[in-house]
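Novice: Here's a structure for you.
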Amino acid sequence: ELILTCASHAALVNGFGSSDIQVLHTDALAPDAYSQNPELHIAPSALTYVGYTSGSTGAPKGVMQNHRNLLQQTMVYTNTVHVCVDDRLTLLHSCNNGASTSHLFSALLNGATLFPFNPRTEETEILARWLTQEDITIYHSVSALFRDLTNILTGSEDLSKIRIVHLSADTVTKKDLDRYKRHFSRDCIFVNRMGSREANTVLLGLFDKSSEIFESILPIGPAAEGKNILLLDDNNEPVG
């Protein structure tokens, strides 16, 4: 029914070719055009967004997420790492990446502050300084970026404000845990998360400086709040 766009992307909507679709140019809106709560009553089952999978489990496909699922995911993340108004969260993922939703909405719905940074266009050395300059408290990235970051840390950086180091979207190793222990404060917590487009956050593992891991790959942890884990064999029967 509605397409949001801006002047620089307006040509992209021409291919839809339907007079029934309203096109709204966001840069043409006055900054103070909407200052009141519209008092919309949206059902928990209403569609929030469509996210596209990478195809790692088969053919890429669109996954529909509703308001209930998004709020449940935000609640789980809020309760797990205790997001509050004093927190300053990184946004190191693209906004159309599933991993970004936990930080986008955890910041928005808890009154915290969200700090976007684009690691594709900025040097890792700049990221290291930026974390200190912005007093970041919750860091979240893929494992590869975390390794690049910790590889250049000299020990002179002040990362004491960071209380959560959260990795997701890739395998996390014992060496990653050792990097966290070496560079972050005693009170900082290390979070290993696994999720999917279809189920959002599924497993959450929390570690601290006293955690001892003897395997090369870090455990992902138990089921997240509100999630049940069912393991089936090739015949769709529960495993032992």
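The values are calculated or read from the model by the stated rules, or taken from the named source; none is laboratory data. Every value quoted in this text rests on a predicted model; they were computed, and no experiment measured them. Because the Cβ atoms are built from the backbone with ideal geometry, glycine has one as well, and the counts that use them run over all protein chains shown. These accessible areas exclude ligands, DNA and RNA; they are computed on the full protein's heavy atoms, side chains included. Shrake-Rupley method; radii C 1.70, N 1.55, O 1.52, S 1.80 Å.
Novice: Mind listing P(r) for segment 1-125? All alpha-carbon pairs, 5 Å bins, whole percents.
Specialist: 2, 8, 11, 14, 20, 22, 13, 6, 3, 0
Novice: Round to the nearest 10 and give me the degree value, 0 to 90, for the angle of helix 174-183's Cα axis relative to the longest principal axis of the chain.
Specialist: Orientation of helix 174-183: about 90 degrees from the principal axis.
Novice: Springs between alpha-carbon atoms under 10 Å, Gaussian network over the chain: tell me which of SER216, SER160, SER35 tops the mean-square fluctuations.
Specialist: Residue with maximal mean-square fluctuation among SER216, SER160, SER35: SER35.
Novice: Considering the chain as a Gaussian network with a 10 Å cut-off on Cα pairs, which listed residue, THR101, THR154, THR113, attains the greatest mean-square fluctuation?
Specialist: The residue with the greatest mean-square fluctuation here is THR154.
Novice: Order MET64, MET194 by their accessible area, 1.4 angstrom probe, all chains in place, largest first.
Specialist: Result, largest first: MET64, MET194.
Novice: What dipole magnitude, in Debye to the nearest 20, does the chain give about its Cα centre under +1 on Lys/Arg Cβ and -1 on Asp/Glu Cβ?
Specialist: With Lys and Arg at +1 and Asp and Glu at -1, about 400 debye.
Novice: With equal scatterers on the alpha carbons only and no solvent term, can you work out the Debye log10 of I(q)/I(0) for segment 143-240 at 0.10, 0.17 1/Å?
Specialist: -0.33, -0.82
Novice: When the dipole is taken about the Cα centre of segment 188-240, and only Lys, Arg (+1) and Asp, Glu (-1) are charged at their Cβ, what size is it in debye, to the nearest 20?
Specialist: With only Lys, Arg, Asp and Glu charged at Cβ, the dipole is about 320 debye.
Novice: Provide, as a two-decimal number, the C-alpha radius of gyration of segment 188-234 over 2.2 N^0.38 Å, N being how many residues it has.
Specialist: Relative to the 2.2 N^0.38 Å estimate, segment 188-234 comes out at 1.32.
Novice: How much of the calculated P(r) for segment 69-189 lies past 19 Å, in percent of all Cα pairs? Can you show the working numbers first?
Specialist: Values: 3203 of 7260 pairs.
Counting every Cα pair in segment 69-189, those more than 19 Å apart make up 44 percent.
Novice: How far, in nm, would the chain grow between ASP233 and TYR34 when pulled straight, counting 0.36 nm per residue and subtracting the alpha carbon separation?
Specialist: Extending this stretch completely gives an extra 66.3 nm.
Novice: Output the 0 to 90 degree angle, nearest 10, between the alpha-carbon long axis of helix 124-133 and the longest principal axis computed from the alpha carbons of the chain.
Specialist: Roughly 90 degrees between the two axes.
Novice: If you fit an axis through the alpha-carbon atoms of helix 67-81 and take the longest principal axis of the Cα set of the chain, what angle between them do you get, 0 to 90°, nearest 10?
Specialist: 30 degrees
Novice: Additional query: Which is the longest part of the chain that has none of the chymotrypsin sites (Phe, Trp or Tyr not before Pro) sitting in a DSSP loop with at most 11 other Cβ atoms within 10 Å? Display every interim value, and only then the final one.
Specialist: On the way: sites that count: TYR34, PHE214.
Within the chain, the longest run free of exposed chymotrypsin sites (Phe, Trp or Tyr not before Pro) spans 35-213.
Novice: Follow-up question, since we're still on this one. Please list 3J(HN,Hα) in residue order for segment 42-53, calculated via the Karplus relation 6.51 cos²θ - 1.76 cosθ + 1.60 where θ = phi - 60°; whole Hz, with x for glycine and proline.
Specialist: After applying 6.51 cos²θ - 1.76 cosθ + 1.60, I find 10, 5, x, 8, 5, 5, 9, 7, 10, x, 9, 6 Hz.
Novice: Which one, ALA11, ALA33, ALA112, has the greatest fluctuation when you compute a Gaussian network model over the chain with C-alpha springs under 10 angstrom?
Specialist: Between ALA11, ALA33, ALA112, it is ALA11 that shows the largest mean-square fluctuation.
Novice: List the GluC sites (Glu not before Pro) within segment 72-131 that fall in a DSSP loop (any state other than H, G, I, E or B) and whose Cβ has at most 13 other Cβ atoms within 10 Å. Show your work: numbers first, answer last.
Specialist: Values: sites: GLU122, GLU123, GLU125; in loops: GLU122, GLU123.
Those satisfying the criteria are GLU122, GLU123.
Novice: Could you list log10 I(q)/I(0) for the chain at q = 0.08, 0.09 Å⁻¹, which the Debye formula gives when each Cα is one point scatterer?
Specialist: Treating every Cα as an identical point scatterer, log10 I(q)/I(0) equals -0.38, -0.48.
Novice: Once Lys and Arg get +1 and Asp and Glu get -1 on their Cβ, which of LEU2, PRO38, TYR139 lies farthest toward the positive end of the dipole of the chain?
Specialist: TYR139
Novice: Here's something else I'd like to know. Would you mind working out the magnitude of the charge dipole of segment 137-185 relative to its Cα centre, with +1 at each Lys and Arg C-beta and -1 at each Asp and Glu C-beta, to the nearest 20 Debye?
Specialist: On the way: 8 positive and 6 negative charges, 37 e Å.
Result for segment 137-185 is approximately 180 debye, rounded to the nearest 20.
Novice: May I have the count of lysine pairs in the chain with C-alpha atoms under 19 Å apart, counting pairs 8 or more residues apart or located on different chains?
Specialist: Lysine pairs satisfying the spacing and distance rule in the chain number 5.
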